[in-house]
Structures are given as C-alpha cells and as structure tokens.
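Chemist: Input: one structure, supplied below.
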Amino acid sequence: MIRFANNFALYLLTLIPLLIVFFYWVFRWKRQAMQRFGSLLLLKQLTPALSRTRQIWKIVLLLAAMLFLVLALARPQLGTKLEEVKREGVDIMIAIDVSESMNAQDIKPSRIAKARHEVTSLMERLQGDRIGLIAFAGEGFVQCPLTLDYGAAKIFLDVLEPGLIPTPGTNLAEAIQLAMKSFESAERQHKVMVLITDGEDTGGDDVMKMVEAAEREGVVIYTVGIGSPQGVPIPVLDERGMQVGFKKNRDGDVVVTKLDELTLEKIALQTGGKYYRASSGEAELDRIYESIAGMDKKELASLKFSQYEERFQYVLGIALVLLVIELLLAERRRVQTAARRRFAAETAK
C-alpha cells in the first residue's frame, strides 16, 4: 500500500485544475484576438508552421510533469524493508505508575503528564541504550519490549493514562518482577530499571523481597518520585478528561495521596541505584543519564523492524523526463514551401 510521508504537499495538486482553466482561457483569448485581426483560415495559411496540436501537447506534458513533481514532493513510500539495528549500551526498563493517584495535580498539569514528560526527556538523553516500557497499577504489563527504536517507544508512551489497567492500587513488586523477566540476558550487569511512581505501594511486604531478587540478578533500580509528601486529593475525571470531583472512600471522606519517598529510597539503595524527586528543571534526569553512561556497555541488537521505503526518486525521474520532452518539443513543425519543393526537386535531378 502506498503512503505519503508529506501529505501536506498533496494540497499542491489543486494547482493543476487551476492551470488547466488558465491555459484554456489563454487559448480562447488568443483565438479571439486572431479573429479580431483577420480571417482565421487566412492566418493559418500565412503561419503554416505553427501547430496548435503541438502547443496542446506541450501543455499536457507540463501539467503531467507538475503532477509527478508534487507526488515526489509528497514522498511516496511503498513496501517495507527489514533492518537489524546494533549499538552499544545497556538495557533499560522504565516502569510508569498509571494508578488513579497519578491524576493528582500537585505537579502541573498532573503527575501522569509529568511522568510521561520525564520519560520522553530521558529518551532524548540516551544514546545507543535499549529501552522498554512497563505500565503498572494494581497489576502490570509490558507496554513496549526492549527496543532501540525510540520513536516506537514514544508511541506506546503517549497512550499511558490512569485507568489503562482496571486493577486499582500501586503494586511496585509486580512492576519490578516484570522488569526482571523482560531482561533477556542472564549476566549480572547491563541491566537498569527506572521506576517512576508516587511510591504509595499497595502490594504488601513483597516489594522488598522482589527488590532483593533484583539485586541478586544485577538489576540497578533508579526511582523517581512524582508528587509531594504533603498530600493532595485525587481528582475524578469524566470521559472527556474533565474533573467532576474527588475520589472518596467508603465513609465518604476525600482520599489523599502522598509521595512515599522512604519506600522509593529503600528500593534504590538496595540495588545500588539512587532516588530522585521529579523537579521542574529535570536535573534528576541528567544524574540518571550520567550514571547509566558510566556503566560498562555491551553490544545490543533490537528485533527486526519494518520501515517504509522511499519511492520519490522514481516519480521525480518521470517528472524530469516529461520536462525534457516538453522542452525538446517545438511549437512549430517543419513545413516545405513550394519554392523549397522545386529547389529540392531540381537538386535531385
């Protein structure tokens, strides 16, 4: 299936019918001017070399060339090609909390929006590292497996929202366990997990046991706290994303969510990582990147991925051929007069 990388350029195709109307008006105006000058039949006899058919063909070639030039500008893409990308780096699994508490607005515009922005900014800093995404609440799942295609990872990142996982709560142990399973290598290095959450764990005592298991497997966990320790109510949003109130418990009291920094500090220190609170200046991302950049690298290869092949060069080639033909095609045809015919006959004798 053909697709266009620059769909906006296709709007230039509207110029072609306008040019058709323009050339039609020009031909009609020239014909009317000749009629005012004298008899059309007499003028044709006086200018036998002038070919109206050739003039029309030149315009057709010009319009066709313009059509293909516009299509080339739109960059048609067809088919796919398979590539295997190899770089040197480490494997990084990024786990993002998508529980209801991430709708809290103690960080503007919301905790989840800040979390997505943090991940995007971290991706922009990384060079050659393979990344994956985990979404978790009361349970978790791998949103994007380890890949070197940051563009694909950002597409998966953009759809992360509270409510994506129906099971309520924040199960940090589940997120860490998923990250451990996502690392392909059995060696005890080149493994990093970035845990972005408000830290309010509802998974019980399993979280530190899972952290110890991650430490044994050589996984270094960096934790990023989203929110404030003071606590704020959790907004309730409708289908359009508009706030309609605050979440309440069974007794009718407004539920308050607080950033649990103590738990996140324990997780990071246990595995040799560090805890950072998310800030507007995002200095924490620079520190995380510097730590990752200082690790030993290994050769990484992503899964084969498909990419559309550019086909604009063929369309551009057709346009150039049409333009050359248009330039070589003269408006006047070669006509032999009676004198020239007599001279040619006498020369032949």
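The values are calculated or read from the model by the stated rules, or taken from the named source; none is laboratory data. Since we're looking at a predicted model, the values are computed, not measured. Cβ: placed from backbone, ideal geometry, glycine included. Neighbour counts: every protein chain shown.
Chemist: Any idea how many residues of region 247-283 are assigned to a helix (DSSP H, G or I) and out of contact with any helix residue (DSSP H, G or I) (no Cβ under 8 Å at 6 or more places or on another chain)? If you could, list the steps in order and put the result at the bottom.
Modeler: Step one: list which residues in region 247-283 are assigned to a helix (DSSP H, G or I), which gives 261-271, 283.
Then keep just the ones that are out of contact with any helix residue (DSSP H, G or I) (no Cβ under 8 Å at 6 or more places or on another chain); that gives 261-262, 264-265, 268-269, 283.
Number of matching residues: 7.
Chemist: Out of ASP205, ASP198, I need the residue that is free of Cβ contacts under 8 Å to residues at least 12 places away in the same chain, under 19 Å from GLU139 (Cα atoms) and either surrounded by fewer than 13 Cβ atoms within 10 Å (Cβ to Cβ) or assigned by TED's automatic domain parsing to the domain that holds MET93 (or both). Which one? Give the steps one after another, and end with the answer.
Modeler: Values: ASP198 fails: free of Cβ contacts under 8 Å to residues at least 12 places away in the same chain.
Within the list ASP205, ASP198, the selection yields ASP205.
Chemist: Would you please list the contacts, defined by Cβ atoms under 7 Å and residues six or more apart or on different chains, that run from a residue in region 164-184 that is within 14 Å of GLY203 (Cα to Cα) to a residue that is among the charged types (D, E, K, R) and part of a loop (DSSP other than H, G, I, E, B)?
Modeler: THR167/GLU139; THR170/GLU200; THR170/ASP201; ASN171/GLU139; LEU172/ASP201; GLU174/GLU139
Chemist: A further question follows. Given the options GLY163, GLY151, GLY138, GLY203, name the one that is at pLDDT below 95, within 25 Å of the chain's Cα centre (by Cα) and farther than 22 Å from LEU122 by Cβ.
Modeler: Unique residue meeting the criteria: GLY163.
Chemist: Only one of GLU310, GLU326, GLU299 is over 30 Å from GLU100 (Cβ atoms), of a type in the set (Asp, Glu), loosely packed, with under 11 Cβ neighbours inside 10 Å and modelled with pLDDT under 90. Can you tell me which?
Modeler: Of the residues listed, the single one that is over 30 Å from GLU100 (Cβ atoms), of a type in the set (Asp, Glu), loosely packed, with under 11 Cβ neighbours inside 10 Å and modelled with pLDDT under 90 is GLU299.
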